[in-house]
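Visitor: One structure, as structure tokens, below. Some questions next.
The values are calculated or read from the model by the stated rules, or taken from the named source; none is laboratory data. Everything numeric here is computed off the predicted structure, so don't read it as measured data. Cβ atoms come from the backbone with ideal geometry, glycine included; neighbour counts cover every protein chain shown.
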Amino acid sequence: MALKLDVDSLERIVPSATEDGETTGGEAMRLALDRYRFAAGHVRPGRLLDAACGSGYGTRLLADQAGCSVDALGIDLSEQAVAFATEHFASSNVSYRAANAMSFADPEGFDTIVSIETIEHLPDPATFCRQLASMLREGGVLVASAPVTPSVDANPYHLHDFSEASFLNLFDGLGLEPFDTFRQRQPFDAVAVLRRTEPRMEGMRRNLARWYVEHPDAFARRLWSTVRHGFANKYLTVAMRR
């Protein structure tokens, strides 16, 4: 029996289950694939880590599009996701393992480390970034991404809001030099979001008005972002070398 994931989850993108035109479905899938393609262009030969790989499609894309010989490992906290990834995307040079990205360590190190849309979910982003940097070999490349407009208000799985500056500050003092960036903008229909007309929007935060009353700073960030950027999410992906 084929393994299945909850394809309507706000946090698990399965390529075969997304619908074109959906902000949280097909459009989110396109953005995620573009981030992975950007990362694939910077992969170094050797060992590769995809931290918080989800359903595994990105790890396989990195290995297939790297343009060099790699041994890729995807890790994810969800054993179900890892089992799905192993069934659908594993190959001779791509494997998956259930592990907590916050505490995962490998003494051999990696030549490339990729972390796509992970940091905003974690209780201690700075510790996570230090952990990744500690596993990066000399001359290696770290590629990381995060939303840089507010997301905590709508997405209960996100623990932190970042601006471009606060995201980049996470990597200060880690011996890493940013050398390439990839920016994305994702317009959204505010009415569709409020009405939850997409299946994956069922996972969005409920009673948002009450939540804003309890978190006025988050409401202020949302207002400021809307004034500056309109109804749009923005994302930043950064490539850094040691």
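Visitor: Does residue 120 count as under 14 Å from the mean Cα position of the chain (by Cα) and acidic (Asp, Glu)?
Guide: Taking the combined requirement at face value, the residue satisfies it.
Visitor: Quick check, is residue 108 modelled with pLDDT of 95 or more, among the acidic types (Asp, Glu) and part of a strand (DSSP E or B)?
Guide: No.
Visitor: Okay, moving on. Among the residues of segment 41-62, write down those that are surrounded by 21 or more Cβ atoms within 10 Å (Cβ to Cβ) and under 22 Å from residue 134 (Cα atoms).
Guide: Passing the criteria: 43, 48, 49, 50, 51, 52, 53, 59, 62.
Visitor: Any residue in segment 84-95 that is assigned to a loop (DSSP other than H, G, I, E, B) and in contact with a Leu (Cβ under 8 Å, 6 or more places away or on another chain)? Break it down stepwise before answering.
Guide: First, pick out the residues of segment 84-95 that are assigned to a loop (DSSP other than H, G, I, E, B): 90, 92-93.
Narrowing the set further to residues that are in contact with a Leu (Cβ under 8 Å, 6 or more places away or on another chain) leaves none.
No, there is no match, as no residue in segment 84-95 is assigned to a loop (DSSP other than H, G, I, E, B) and in contact with a Leu (Cβ under 8 Å, 6 or more places away or on another chain).
Visitor: Restricting attention to segment 199-242, report how many residues are over 15 Å from residue 166 (Cβ atoms) and not in a helix (DSSP H, G or I).
Guide: 14
Visitor: From (1) at pLDDT 95 or above; (2) within 30 Å of residue 223 (Cα to Cα); (3) out of contact with any Cys (no Cβ under 8 Å at 6 or more places or on another chain), pick out the condition that doesn't hold for residue 119.
Guide: Going through the list (1) at pLDDT 95 or above; (2) within 30 Å of residue 223 (Cα to Cα); (3) out of contact with any Cys (no Cβ under 8 Å at 6 or more places or on another chain), residue 119 breaks only (3).
Visitor: If you don't mind, there's one more thing I want to ask. For residue 144, are the conditions met, namely being closer than 21 Å to residue 44 by Cα, of a type in the set (A, V, I, L, M), crowded, with 18+ Cβ neighbours inside 10 Å and in contact with a helix residue (DSSP H, G or I) (Cβ under 8 Å, 6 or more places away or on another chain)? Reasoning before the result, please.
Guide: Values: closer than 21 Å to residue 44 by Cα: yes; of a type in the set (A, V, I, L, M): yes; crowded, with 18+ Cβ neighbours inside 10 Å: yes; in contact with a helix residue (DSSP H, G or I) (Cβ under 8 Å, 6 or more places away or on another chain): yes.
Yes; evaluated as a whole, the condition is true for this residue.
Visitor: What is the one condition in (1) part of a strand (DSSP E or B); (2) in contact with an Asp or Glu (Cβ under 7 Å, 6 or more places away or on another chain) that residue 71 does not satisfy?
Guide: Against the list (1) part of a strand (DSSP E or B); (2) in contact with an Asp or Glu (Cβ under 7 Å, 6 or more places away or on another chain), residue 71 comes up short only on (2).
Visitor: Sticking with this one: Name every residue in segment 171-181 that is surrounded by fewer than 20 Cβ atoms within 10 Å (Cβ to Cβ), outside any strand (DSSP E or B), of a type outside the set (Gly, Ala, Ser) and in contact (Cβ under 8 Å) with a residue 40 or more places away in the chain, in order of residue number. Steps first, answer last, please.
Guide: Initially, segment 171-181 is screened for residues surrounded by fewer than 20 Cβ atoms within 10 Å (Cβ to Cβ), giving 172-175, 177-181.
Add one more test, that the residue is outside any strand (DSSP E or B), and what stays is 172-175.
Okay, now just the ones that are also of a type outside the set (Gly, Ala, Ser), so 172, 174.
Within segment 171-181, just 174 meets the criteria.
Visitor: Go through segment 186-229 and give me each residue that's charged (D, E, K, R), modelled with pLDDT under 90 and under 22 Å from residue 117 (Cβ atoms).
Guide: Once the filter is applied, which keeps residues that are charged (D, E, K, R), modelled with pLDDT under 90 and under 22 Å from residue 117 (Cβ atoms), segment 186-229 yields 189, 196, 198, 200, 202, 205.
Listed here are the residues, each with its yes/no results for (1) farther than 20 Å from residue 54 by Cβ; (2) assigned to a loop (DSSP other than H, G, I, E, B); (3) in contact (Cβ under 8 Å) with a residue 40 or more places away in the chain.
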site: 112; (1), (2), (3): no, no, yes
site: 132; (1), (2), (3): no, no, yes
site: 145; (1), (2), (3): no, no, yes
site: 155; (1), (2), (3): no, yes, yes
site: 165; (1), (2), (3): yes, no, no
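Visitor: When you check residue 103 against the structure, is it assigned to a loop (DSSP other than H, G, I, E, B) and under 24 Å from residue 216 (Cβ atoms), yes or no?
Guide: Criteria not met by residue 103.
Visitor: Kindly indicate whether residue 34 is more than 26 Å from residue 127 (Cβ to Cβ) and at pLDDT below 95. If you could, list the steps in order and put the result at the bottom.
Guide: Values: more than 26 Å from residue 127 (Cβ to Cβ): yes; at pLDDT below 95: no.
So residue 34 does not fit the description; no.
Visitor: Oh, and also: State yes or no: is residue 232 of a type outside the set (D, E, K, R), within 20 Å of residue 34 (Cα to Cα) and modelled with pLDDT under 95?
Guide: yes
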